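The values are calculated or read from the model by the stated rules, or taken from the named source; none is laboratory data. Remember, predicted model here, so these are calculated numbers, not experimental data. Note that each Cβ is placed from the backbone with ideal geometry, even for glycine, and that neighbours are counted across all protein chains shown. In case anyone asks, the SASA skips ligands and DNA or RNA and just uses the protein heavy atoms, side chains included. Shrake-Rupley method; radii C 1.70, N 1.55, O 1.52, S 1.80 Å.
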Amino acid sequence: MTAEQDVPRVVSASREIAATPERIFELIADPSLQPRWDANDNLSEAPAGQRVRRAGDMFTMTLTTGSVRENHVVEFEEARRIAWHPSEVGRRQPGHLWRWELEPRGVSLTLVTHTYDWTLLNDRNRHPRARSTTSDKLRASLDRLAALAEAAS
């Protein structure tokens, strides 16, 4: 088995956040807010007014490199689940997925799971970056998200 085969292609992290699913989901589903909590530190900005409302929506995000990504929403359940496939503008989606799942645990407590799935990633040039996305990085995003959500609760 090669080192590349040893690397998990689905990584996730979970934590409880002391906020309602609705409050947390608003921070995720509004792309203009994502650079405030993304721990990959590669998101620069997204135009306002792109709040995701359903599967099939698409939003754009400018990266810190200046490149723009289209994000195609493939899963959506308000305040419970959202997932998207990023791609370069006008290009075929290379096959990686970002997913967020929210499970209410009480009046103002929510279990949030953040998953990065690159099992279908077909662009080998993107594999090093995909391999570098670890559960620790996902957890860091959850921690930043929690700080924002809990401050507003």
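So the values come out like this:
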item: Matching residues, segment 142-153, being open to solvent by 50 Å² or more (accessible area, probe 1.4 Å) and either within 17 Å of the chain's Cα centre (by Cα) or polar (S, T, N, Q) (or both); result: ASP143, ARG144, ALA147, SER153
item: Close pairs from segment 119-134: first closer than 16 Å to LEU97 by Cβ, partner among the basic types (Lys, Arg), Cβ under 8 Å, at least 6 apart; result: THR119/ARG9; LEU121/ARG9; ALA130/ARG9
item: Flag for SER32 being of a type outside the set (Val, Ile, Thr), in a helix (DSSP H, G or I) and over 13 Å from LEU145 (Cβ atoms); result: yes
item: Hey, GLU45 within 19 Å of LEU148 (Cα to Cα), surrounded by fewer than 15 Cβ atoms within 10 Å (Cβ to Cβ), touching a Lys or Arg at 6+ places or on another chain (Cβ under 9 Å) and not polar (S, T, N, Q) or not; result: no
item: Selection count where residues are open to solvent by 60 Å² or more (accessible area, probe 1.4 Å), assigned to a strand (DSSP E or B), more than 16 Å from TRP118 (Cβ to Cβ) and not acidic (Asp, Glu), scope segment 69-103; result: 1
item: Matching entry among ARG23, ARG53 (being of a type in the set (Lys, Arg), open to solvent by 30 Å² or more (accessible area, probe 1.4 Å) and in a loop (DSSP other than H, G, I, E, B)); result: ARG53
item: Subset of segment 104-141 [touching a Leu at 6+ places or on another chain (Cβ under 9 Å), closer than 21 Å to PRO35 by Cα and open to solvent by 20 Å² or more (accessible area, probe 1.4 Å)]; result: THR113, ASP117
item: Residue within segment 2-25 that is farther than 21 Å from LEU121 by Cβ and under 12 Å from the mean Cα position of the chain (by Cα) present; result: yes
